[in-house]
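Notes for the one structure printed next.
Bear in mind these aren't lab numbers, they're just calculated from the coordinates by the rules spelled out. Note that the structure is a prediction, hence the values are computed from the model and not measured. Positions of Cβ are backbone-derived with ideal geometry, glycine not excepted, and every protein chain shown enters the neighbour counts.
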Amino acid sequence: MEEQEFYDVKSKAKFKTTDYRLVEKKSKSKVSGKDVVRFFVVTKSPTGDYECWKVVSKDTAAKLK
């Protein structure tokens, strides 16, 4: 897997990892009412018992699949 950089909001620190998963979420656009697909990479925080999420582009998501 390609290394990704995350920001841990609780510890206010950046970290890099290759241990993450790709998540696809669908929602309705508030403006047009159409379905919108967003891609995220998700990993466990190195400092706590919670996850860190990062939005990635459609192109990046295609590379990571």
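A few remarks follow.
- In the range 1-29, residue surrounded by the fewest Cβ atoms within 10 Å (Cβ to Cβ) [restricted to those that are under 19 Å from ALA62 (Cβ atoms) and of a type in the set (A, V, I, L, M, F, W, C)]: MET1
- Selection of the range 11-36 for residues being of a type in the set (Asp, Glu) and in a loop (DSSP other than H, G, I, E, B) yields only ASP19.
- Scanning the range 31-49 for residues that are in contact with an Asp or Glu (Cβ under 9 Å, 6 or more places away or on another chain) and surrounded by fewer than 11 Cβ atoms within 10 Å (Cβ to Cβ) gives a single hit, VAL37.
- Restricting attention to the range 24-65, the residues that are over 25 Å from LYS12 (Cα atoms) and small (Gly, Ala, Ser) add up to 6.
- Extreme residue, nearest to GLU3 (Cα to Cα), among residues of the range 37-52 that are in a strand (DSSP E or B) and charged (D, E, K, R): LYS44
- Filter pass, LYS25 being basic (Lys, Arg) and more than 14 Å from the chain's Cα centre (by Cα): no
- The C-beta contact set for the range 2-20 (first residue closer than 12 Å to LEU64 by Cα, second residue of a type in the set (Asp, Glu) and not in a loop (DSSP other than H, G, I, E, B), distance under 8 angstrom, 6+ apart or interchain) is empty.
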